Structures are given as C-alpha cells and as structure tokens.
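Colleague: Here it is, the structure in full.
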Amino acid sequence: MIGRRSSAFPGKWAGTSSYKITWQRARPGAPWTNITSGSTYTPRASDVGYRLRVAVTATNVRGSVTDTSKPTVPVRLAHKAAPSYAQRGLRARAHTKT
C-alpha cells in the first residue's frame, strides 16, 4: 500500500561476510526490475499495479548467491475515509416531520 513502509531482513546464511538487500518490482508476467537498495522501502504512486519483492545477495570468500522473497500482491492506493460534515464545512441538521 502506498505510504506504508516495509522492512526486509536478510536472514541467516552460513559463512556469509556481507549482505545486499535490493527491492524489485514487476507487473504480473513481466520481468523484475531493481528499484532501490536498503532494508526498508515505502511504496509510492509510481508503484501502483506492480508487485514488490526483495532480493538478498549474500557474499563470502567463495562467491555470492542471491535469493528472493515471495512477491506481494500488486501495490494499491490507500483507502481514505469519506470526509465528515465538519471536514467539508457543513453542519448536520435534524429534520422532523410534523
């Protein structure tokens, strides 16, 4: 959801000296594209309709290997509550039938 920060953790890998976390996005059926690196990401309007996932690359003296998370559902806009009467500058009036 747009504006809701997500976090990624590399997990535990035997013999690893460093990790790189990369956030990726793709539309269903399309190839994955790197969008940023780091342990957190906050989806924005440009991500609407894309699925997100995290790729973790672990490196040690013998080389490196990458694994990916399961993808999210497509990013969507946050639902906003309808404005109240007060927010719209209106006053509620009671009506009675006589």
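Coordinate-derived values only; no laboratory data. Computed from a predicted model, the values in this text were never measured in an experiment. Note that each Cβ is placed from the backbone with ideal geometry, even for glycine, and that neighbours are counted across all protein chains shown.
Colleague: For the stretch 19-36, does any single residue satisfy the condition of being surrounded by 12 or more Cβ atoms within 10 Å (Cβ to Cβ), without any contact (Cβ under 8 Å) to a residue 60 or more places away in the chain, under 21 Å from Gly3 (Cα atoms) and touching a helix residue (DSSP H, G or I) at 6+ places or on another chain (Cβ under 7 Å)?
Modeller: Checked the stretch 19-36: at least one residue is surrounded by 12 or more Cβ atoms within 10 Å (Cβ to Cβ), without any contact (Cβ under 8 Å) to a residue 60 or more places away in the chain, under 21 Å from Gly3 (Cα atoms) and touching a helix residue (DSSP H, G or I) at 6+ places or on another chain (Cβ under 7 Å).
Colleague: Pick from the stretch 51-66 the residues that are of a type in the set (Val, Ile, Thr) and surrounded by 13 or more Cβ atoms within 10 Å (Cβ to Cβ): which of them is farthest from Gly15 (Cα to Cα)?
Modeller: So, considering only residues that are of a type in the set (Val, Ile, Thr) and surrounded by 13 or more Cβ atoms within 10 Å (Cβ to Cβ), the one farthest from Gly15 (Cα to Cα) is Val54.
Colleague: Separate question: Going through Arg53, Arg25, Arg4 one at a time, which residue ends up being within 21 Å of Val65 (Cβ to Cβ), within 11 Å of the chain's Cα centre (by Cα) and among the charged types (D, E, K, R)?
Modeller: Selected residue: Arg53, the only one of Arg53, Arg25, Arg4 that is within 21 Å of Val65 (Cβ to Cβ), within 11 Å of the chain's Cα centre (by Cα) and among the charged types (D, E, K, R).
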